[in-house]
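Encoded as structure tokens, the structure appears first; notes follow it.
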Amino acid sequence: MTRFNIHGLGFTLFLALLTALPALSIDMALPSLALIQADLHAPQTEAAAVIAIFIAGFSSAPIVAGPLADRFGRRAIMVIGLALFSLCAAGAALAPSIHVLLAFRLVQGASAGAIGILPRAIIRDLFEGREARVQLSAVSVMFGVASRNSSRSMSTSACFISSMDCFLMKSARREYFQFSHISA
């Protein structure tokens, strides 16, 4: 079994991506609010709740995830959190209604909150002194760059997607629900 080089750039990038995941999740949803509202026939307030409910899940998760990571290990919580985050992202993409979307976003926010606290704990566990400060600052700088650039790129891609009328997402959702209706 090969060990992961904790002193390399790859490890720092990995931790930075884990730290940036919640911000990226919010930045991806912001430009899509009008599309969510139109596609799911939801009022503007319910479409905007996609952000608020994600933040509610995100802010409450560290209270539970921190002690669990101390008890069962950082890796187990990270794997479970990333798997849950990915499953909820797929569920949110295929959500047939705004209420189902909100439920997936709540759980996705909680899993992002669990994942978001781990990089600092991992750095605290693995590094000391100057090396810990260097890792924390590198992760913080990469987080800032990712957050800054994600807002621009997500709004550009939302304009591109809206001009294509979300063809792929609508067809995937239509095919999924036609198939699930037939097999039920």
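Rule-based calculations on the coordinates, nothing more; no lab input. These numbers were taken from a predicted model, which means no experiment stands behind them. When we count neighbours, we look across all protein chains shown, and the Cβ atoms used for this are built from the backbone with ideal geometry, even at glycine.
Take the residues in the stretch 89-109 that are buried (at least 16 other Cβ atoms within 10 Å of the Cβ) and of a type in the set (Val, Ile, Thr), then tell me which one is farthest from ALA42 (Cα to Cα).
VAL107
Mind checking whether some residue in the stretch 12-29 is surrounded by fewer than 16 Cβ atoms within 10 Å (Cβ to Cβ), small (Gly, Ala, Ser) and farther than 17 Å from GLY109 by Cα?
No; the residues of the stretch 12-29 include none that is surrounded by fewer than 16 Cβ atoms within 10 Å (Cβ to Cβ), small (Gly, Ala, Ser) and farther than 17 Å from GLY109 by Cα.
Give the number of residues within the stretch 8-19 that are free of Cβ contacts under 8 Å to residues at least 40 places away in the same chain and under 17 Å from ALA121 (Cα atoms).
Looking only at that region, the number is 2.
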